[in-house]
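*Asks:* Following this message is one structure expressed as structure tokens.
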Amino acid sequence: MSITIRPARLEDYGALCALFDELDEFHRLARPDLFHPFNGPPRTREQIERWCGGPGSTILVAEGEGEVIGLAVLLTRTPSAFAGSVPRHVIELDNLVVRDDWRSRQVGSHVLEAVMQWSREQGATHVEVGVHAFNHDARRFYERFGFAPSIDRLVLAT
């Protein structure tokens, strides 16, 4: 099995939308109080084009057997304006998803290695990812790579 990681192209749009829809459905089922279906495609062509066009952002895709089977969205975060913060150049791993029928085959690991490489090439000092509290598998996945908790965000509906 050969996995290739490359930057996404606009012609990947249909495959990217299928992956985003799979990811979004997982979140909708876990937290219907926070997530609902889109009216239209899960991401617009314009949004994909902006992410792919950078600067400071990209979508990396994993290919297996000639098909797009995974993706990662990377965004450069604006530096903190807080004068007490240590200056950092942070890349936010906004989404990482592997197609359901390709999970448990190391695709996510290949994608995350490429995420780290791309981030180093951008001069990042840190890569950060947000994980919803219900997503225990994702948290374990990132922790195996050395990611550690930094802040817990608590929510109260009013």
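*Asks:* Would you please name the chymotrypsin sites (Phe, Trp or Tyr not before Pro) within segment 1-87 that are DSSP coil residues with at most 15 other C-beta atoms within 10 Å of their C-beta?
*Replies:* Working: sites: Tyr13, Phe20, Phe26, Phe35, Phe38, Trp51, Phe82; in loops: Phe35, Phe38, Phe82.
Sites meeting the loop and neighbour criteria: Phe35, Phe38, Phe82.
*Asks:* Give a residue-ordered list of calculated ³J(HN,Hα) values for segment 38-46 (Karplus: 6.51 cos²θ - 1.76 cosθ + 1.60, θ = phi - 60°; whole Hz; x for Gly, Pro).
*Replies:* Residue by residue, segment 38-46 yields 7, 8, x, x, x, 9, 6, 4, 5 Hz.
*Asks:* Additional query: What is the fewest-to-most order of His36, His89 by other Cβ atoms lying within 10 Å of their Cβ? Numbers along the way, then the final one.
*Replies:* Values: His36 10, His89 14.
Ordered by Cβ neighbours within 10 Å, fewest first: His36, His89.
*Asks:* Please work out which option in (i) 59, 34, 28; (ii) 48, 41, 33; (iii) 64, 37, 31 gives Cα extents along the principal axes in Å calculated from these coordinates, and answer with its label.
*Replies:* Only one option fits the structure, namely (ii).
Read the figures in this text as sums done on the coordinates, not as results from a lab. No experiment lies behind these values; they were computed from the predicted model shown. Because the Cβ atoms are built from the backbone with ideal geometry, glycine has one as well, and the counts that use them run over all protein chains shown.
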